[in-house]
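Below is one structure, written out as structure tokens; the observations come after it.
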Amino acid sequence: MKSKTWVPYAFLALPLTMYAIWVIFPIFQTFVLSFTNWDGVSPKFDLIGFENYKRLFSDPYFKLSLNNNVKWLLAFVFGNIPLGLGIALLLDQKFKGDRIYKTLVFLPMTLSFVVIGQIWSWMLEPRYGAINSFFRAIGLSTFAKPWLSDPKIVTYALIAAASWRQIAYAMVLFLAGLKNVPRELVEAAYVDGANKWERFWYVILPMLRPATIIAVTVNVIDSLRAFDIVYVLTRGGPFYSSSVLANYMYIQSFHNYNMGYGASIAVIQFLITFGFILVYLLTALRREESTV
Amino acid sequence: MRHRKFSLIFTYMLATLIVIIWMFPFVVSLFTAVKPLDELMSQKGLWLPPKSVHLENFKRAWTEANMKRYFLNTLIITAPSVLGALFISSLAAFALAWYEFKLNKLILFIFVGGMLIPFQMLLIPVYRFSVNVGIYDTYLGIILFHISFQLGFCTFFLRNFMKTIPRSIFEAALIDGAGHFTIYRKIVMPLVVPALSALGILEFTWIWNDYLWSLVLIQSDMKKPVTLGLTTLQGQWVSDWSIIAAAALIAAVVPITVFLIFQRYFIEGLTVGAVKG
């Protein structure tokens, strides 16, 4: 097909143009903006070199947000992925009604974070909220906490709300991975006398490697771009205690009109995510090569 | 045998416990939505079942709280965005799947890379661009953005699917003298219908559920989609929890229904192109 080289470009013209305008150029513009003091309103702005970045490193709220993102990341990777895997293993067994169970666990995955946030506000509300009133009803009132207004626990409460959806996502990825584990292999191990744990550790888990890599990457990226739940439930408060980078970037840019400064936060977020994106791309493309 | 039976019972118990925990937040919202206000405030907790069911809350959310308008706006935004993204990405996918040319891999890489970028990288320039071109706070502005933003994932997804179609079909058509656009329209597109449906369902849910971009690109109340409308309600109806709960359930009903009907497509799409959330 090398004769008419313009043909593929004719097909690509419209999609590439749109992608360039709304995705590719903006990425470069944000880089440039991060070296300016633009306020988002006035037509003029100055190049100020690395000032924004220097400011970031002495900004306590930036550190707080970054720190919270690390909490999100650790909880997503070391909490949600094992839990998702556990639920997937449990529901992957053949039993009557297994599909209904899977469907129900998966349901939060279809919801907007705004709806999830709203639903969880009824759970976390301090006086009448389901969690606290439930604890009080069973005589464990010491566990009833002001979930969204105590700076020490608010981030964990938000992570719990997000995990409701994220665990379901991990479960789906692992369920798909489990489909690719040949039953004969597991049975052969059983015949050879491997117990349940050994079959899982030495046979099933290695076969789940691709699913695990994807699940980790997806969760890392999602934990770094968490925004909606935080914005809807607390706006990052009280006093920035539940702020994350995405949220802080939005507030700096669109509430405080520090667009140059906001851009530099976005760039930091980009740089952190970049490593993980590379891992994902390499995995995806390698899988790609093997199927072509 | 006895051991097997025991383990089956254990599986059921554990699975049921998990599902009960998972459904608990839904049930609480449903209870909240059907209770009258005085019952909400006099009761000991939101998790308790309602004494009587008040469906008017849904009606009030729909009309008084403007959910009707928000719902319509979401439809106006979502339908063209999904169709546009599918159509335009299919053009790119066709080029990348069938033709060998120098920039093929690079362009694919750009599409895939772009879809993984944290969207904060786009926020300010896209907002500024919309204001400058005069499409800020218009349906068109947000639709064009959604289409473009989804191109990366859709192109990647469709291209991979097209790659599974035997190449001989394409080559035979070329030898028969079919034009390139005819091959795209008459041969390849009918073959990718299953992929288009899976992708369409996913995209529909994502765009339906979008919040951030509406927050940045839409301002007037008359154009707000349900997600943005819902957060507006939180401010206006602060003390009327039932109305907000009813509104949240209204916002959730469409994606849940779509998922239940097209479950298989949805999960296939999600696991094939597992990167997005």
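A few comments on the model shown:
- Whichever residue in the stretch A:202-229 is of a type in the set (S, T, Y) and within 28 Å of A:I119 (Cα to Cα) and, among such residues, is nearest to the other protein chains (Cβ to nearest Cβ): A:T217
- Any hit, the stretch A:173-191, residues being assigned by TED's automatic domain parsing to the domain that holds A:W72, aromatic (F, W, Y) and loosely packed, with under 15 Cβ neighbours inside 10 Å: yes
- Hey, A:D59 closer than 28 Å to A:I229 by Cα and either more than 14 Å from chain B (Cβ to nearest Cβ) or touching a Cys at 6+ places or on another chain (Cβ under 9 Å) (or both) or not: yes
- Every listed requirement among (1) part of a loop (DSSP other than H, G, I, E, B); (2) among the hydrophobic types (A, V, I, L, M, F, W, C); (3) in contact with a Gly (Cβ under 8 Å, 6 or more places away or on another chain); (4) within 9 Å of another protein chain (Cβ to nearest Cβ) is met by A:A161 save one, (1).
- Scan of the stretch B:156-166 for residues that are within 10 Å of another protein chain (Cβ to nearest Cβ) and either surrounded by fewer than 15 Cβ atoms within 10 Å (Cβ to Cβ) or at pLDDT 95 or above (or both), ordered by number: B:T164
- Listing of helices (runs of 4 or more DSSP H) fully contained in the stretch A:1-98 that carry 2 or more residues being out of contact with any helix residue (DSSP H, G or I) (no Cβ under 7 Å at 6 or more places or on another chain) and surrounded by 18 or more Cβ atoms within 10 Å (Cβ to Cβ): none
- Residues being within 17 Å of A:T110 (Cα to Cα) and in contact (Cβ under 8 Å) with a residue 40 or more places away in the chain - total across the stretch B:231-262: 10
- Of all residues in the stretch B:1-49 being aromatic (F, W, Y) and more than 31 Å from the chain's Cα centre (by Cα), the one that is nearest to the other protein chains (Cβ to nearest Cβ): B:Y12
- Considering only residues in the stretch A:196-243 that are among the basic types (K, R) and in a helix (DSSP H, G or I), the one that is surrounded by the most Cβ atoms within 10 Å (Cβ to Cβ) turns out to be A:R199.
Residue-wise test of (1) acidic (D, E); (2) within 22 Å of B:P49 (Cα to Cα); (3) surrounded by 15 or more Cβ atoms within 10 Å (Cβ to Cβ).
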position	(1), (2), (3)
A:Y101	no, no, yes
A:I116	no, yes, yes
A:W122	no, yes, yes
A:I138	no, yes, no
A:W147	no, no, yes
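Yes/no matrix, rows are residues, columns are (1) buried (at least 22 other Cβ atoms within 10 Å of the Cβ); (2) part of a helix (DSSP H, G or I):
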site: B:P190; (1), (2): no, yes
site: B:P194; (1), (2): no, yes
site: B:W208; (1), (2): yes, yes
site: B:T231; (1), (2): no, yes
site: B:V238; (1), (2): no, no
site: B:V253; (1), (2): no, yes
site: B:V258; (1), (2): no, yes
site: B:R264; (1), (2): no, yes
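- Condition check for B:I201: within 30 Å of B:A252 (Cβ to Cβ), surrounded by 13 or more Cβ atoms within 10 Å (Cβ to Cβ) and within 13 Å of chain A (Cβ to nearest Cβ): yes
- Condition check for B:V53: more than 25 Å from B:L228 (Cα to Cα), more than 9 Å from every other protein chain (Cβ to nearest Cβ) and not charged (D, E, K, R): yes
- Of the criteria (1) farther than 29 Å from B:S214 by Cβ; (2) away from chain B (no Cβ under 13 Å), which one A:A75 fails: (1)
- Selection from the stretch B:13-32 of residues that are buried (at least 17 other Cβ atoms within 10 Å of the Cβ) and closer than 13 Å to A:L90 by Cβ: B:A15, B:I18, B:V19, B:W22
- Only one entry in B:G113, B:G84 is at the interface with chain A (Cβ under 8 Å from one of its Cβ atoms), part of a helix (DSSP H, G or I) and not β-branched (V, I, T), namely B:G113.
- Residue list for the stretch B:90-139, restricted to those being more than 27 Å from B:F157 (Cα to Cα) and among the hydroxyl-bearing types (S, T, Y): B:Y127, B:S130, B:Y136, B:T138
- Residue, nearest to A:I251 (Cα to Cα), within the stretch B:116-147, restricted to residues that are more than 10 Å from chain A (Cβ to nearest Cβ) and of a type in the set (S, T, Y): B:Y136
- Scanning the stretch B:94-104 for residues that are facing chain A (nearest Cβ under 9 Å) and either among the β-branched types (V, I, T) or in a helix (DSSP H, G or I) (or both) returns B:F94, B:A95, B:L96, B:W98, B:N104.
The values are calculated or read from the model by the stated rules, or taken from the named source; none is laboratory data. For clarity, every value in this text was computed on a predicted model and none was experimentally measured. Positions of Cβ are backbone-derived with ideal geometry, glycine not excepted, and every protein chain shown enters the neighbour counts.
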